[in-house]
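Participant: My questions will all concern the structure given below.
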Amino acid sequence: YFNCLPGQGVFCRMDKLALLTQRVTKGEKLVRQLEEEKRPAAERDPWIREVVAMAPGRLGIEIVGAPPGIVEISSVELGSWGDDFDLEPGDHVLAVNGEDVESMSAARFQKAIASRPLRLTIDPISEAGSPCTQVVAEVGTWKLGVLFSGMPPGMIQVSETPAAGTWASKVGLQKGDTVLKACGENLESMSAERFKKLITARPFSLYIKPAKVATKEDEDFGREVVAEAGTWKLGAMLDGMPPGYVQVKNTVAGSWAEKVGLLAGDTVLKVKGEDLQTMSAERFKKLLTARPLALYVESAPAEDSEPKDAPKDREVVAGEEVQGLGLQVNEKKPGVIAVTKVLGGSWADNADLQPGDQIVKINNEEATMDNVGEYLMQRPLSF
């Protein structure tokens, strides 16, 4: 149970759980977590979730549509309650305080949305991506022909493209598909032993979230990897923080990062669709704790391969009239100084410098992290 007044803490208890006192926002999240844990595992939808607003005040979300039609979140104010609970534009509101939106009048919806405490049931369309599907292996199907990235508890992925002619291929399973349920049971709370037993049963059903379909942009620039709900640690070390793109330094053996194929030198370009070039470090830290978490990654070039169009060295010069360069640099690996950020409209932007460009020499001297700061202040400057 919980009891809350504006400005006070939220007190929660469930069974023998010790009495916890938190600030309002932390307490709201705890209430949501405890209420979810009390529901039977099989009844928990892997995407639909509930968020609770306890304190009076603005929610920081804009809503379009009204009952009995579709009610959709159109925008979320940064730093607001909605942002704290990871609501996103495109999310659908399914119920308010346990009452289905489809059965509400527009007037009742407006009154309910202004009440506190307020409980919203959300279908995160923007995160779920492709619609989920169910595939069934009927009696008589001996082998599934599918390999998984791991075992429950926690969601697992199809690790290899199924061979032609197998059951998995016939029902359309693809590498990267995420298994959410087996025989109606949620994998988040399932043991490995239970999964092994179910997979031998017939009929056997899997509830699947299809992998994102690759686009021409993906082929040219990168790919998306997703840490689903139930993934606690990513197992990837990064070499810096936004603003600016960051690279993977290394990955932990057996971790999520290794399973999805992240490698040292891969560059993270986007998190949940937001570009790291303009993202703050605080926003980045917050998004990394969200689940599902989508990272858009550009793979590092193979060490034994040469780019088709290898860039040529060139020299750029900043004269005495240049006040600020409008760039940031960092040591990407020992002995390699690279541009990590370029401000729009700056001298660096006009000189067509790009993140990832390597600085080999500064004023005809070999560039190192020991001298780069001093040299970048000099005018004229050439590198």
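Participant: Which of the numbered conditions does T141 fail, given that it passes all the others? Conditions: (1) open to solvent by 50 Å² or more (accessible area, probe 1.4 Å); (2) at pLDDT 90 or above; (3) of a type outside the set (A, V, I, L, M).
Facilitator: The one condition T141 does not meet is (1).
Participant: Please return the ranges of strands (runs of 3 or more DSSP E) entirely within region 90-201 where 3 or more residues are of a type in the set (A, V, I, L, M), within 30 Å of I61 (Cβ to Cβ) and touching a helix residue (DSSP H, G or I) at 6+ places or on another chain (Cβ under 7 Å).
Facilitator: 92-96
Participant: Which condition number in (1) modelled with pLDDT of 85 or more; (2) closer than 23 Å to M155 by Cα; (3) open to solvent by 20 Å² or more (accessible area, probe 1.4 Å) is the one that W232 fails?
Facilitator: Answer for W232: the failing condition is (1).
Participant: Where residues in region 248-265 are part of a strand (DSSP E or B) and over 16 Å from the mean Cα position of the chain (by Cα), which of them is farthest from I337 (Cα to Cα)?
Facilitator: First pass over region 248-265, keeping only residues part of a strand (DSSP E or B): 248-251.
Now drop any that are not over 16 Å from the mean Cα position of the chain (by Cα), which leaves 249-251.
Numbers: K249: 16, N250: 19, T251: 23 Å.
Selected residue: T251.
Participant: For the structure I just gave you, tell me whether A302 is loosely packed, with under 12 Cβ neighbours inside 10 Å and either at pLDDT below 85 or of a type outside the set (K, R) (or both). Give the derivation first.
Facilitator: Numbers: loosely packed, with under 12 Cβ neighbours inside 10 Å: yes; either at pLDDT below 85 or of a type outside the set (K, R) (or both): yes.
The answer is yes for A302.
Participant: Before we move on, is A66 more than 17 Å from R116 (Cβ to Cβ) and either part of a strand (DSSP E or B) or in contact with a helix residue (DSSP H, G or I) (Cβ under 6 Å, 6 or more places away or on another chain) (or both)?
Facilitator: Taking the combined requirement at face value, the residue satisfies it.
Participant: Name the residue that is modelled with the highest pLDDT, counting only residues in region 89-113 that are under 30 Å from L288 (Cα atoms) and crowded, with 20+ Cβ neighbours inside 10 Å.
Facilitator: V96
Participant: Restricting the search to region 269-298, which residues are without any contact (Cβ under 8 Å) to a residue 40 or more places away in the chain and either among the hydrophobic types (A, V, I, L, M, F, W, C) or open to solvent by less than 20 Å² (accessible area, probe 1.4 Å) (or both)?
Facilitator: Selection gives V271, L276, M279, L287.
Participant: Select from region 339-369 the residues that are among the aliphatic types (A, V, I, L, M), surrounded by 16 or more Cβ atoms within 10 Å (Cβ to Cβ) and touching a residue at least 24 places away in the same chain (Cβ under 8 Å) and list them in ascending order.
Facilitator: A351, L353, I359, A367
Participant: Would you check which residues across region 33-63 are part of a loop (DSSP other than H, G, I, E, B), modelled with pLDDT of 75 or more and of a type in the set (A, V, I, L, M) and list them? It would help to see each step written out before you state the result.
Facilitator: If we filter region 33-63 for residues that are part of a loop (DSSP other than H, G, I, E, B), which is where we start, we get 39-40, 44-48, 54-60.
Still in the running and modelled with pLDDT of 75 or more: 54-60.
Answer for region 33-63, where residues must be part of a loop (DSSP other than H, G, I, E, B), modelled with pLDDT of 75 or more and of a type in the set (A, V, I, L, M): M54, A55, L59.
Participant: In this structure, is G172 modelled with pLDDT under 80 and over 21 Å from K259 (Cα atoms)?
Facilitator: Numbers: modelled with pLDDT under 80: no; over 21 Å from K259 (Cα atoms): yes.
No.
The values are calculated or read from the model by the stated rules, or taken from the named source; none is laboratory data. The shown structure was predicted, so the numbers you read here are calculated from the model rather than taken from an experiment. So basically every Cβ, Gly included, is an ideal-geometry build from the backbone, and we count neighbours across all protein chains shown. We work out accessible area using only protein heavy atoms, side chains counted, and drop any ligands, DNA or RNA first. Shrake-Rupley method; radii C 1.70, N 1.55, O 1.52, S 1.80 Å.
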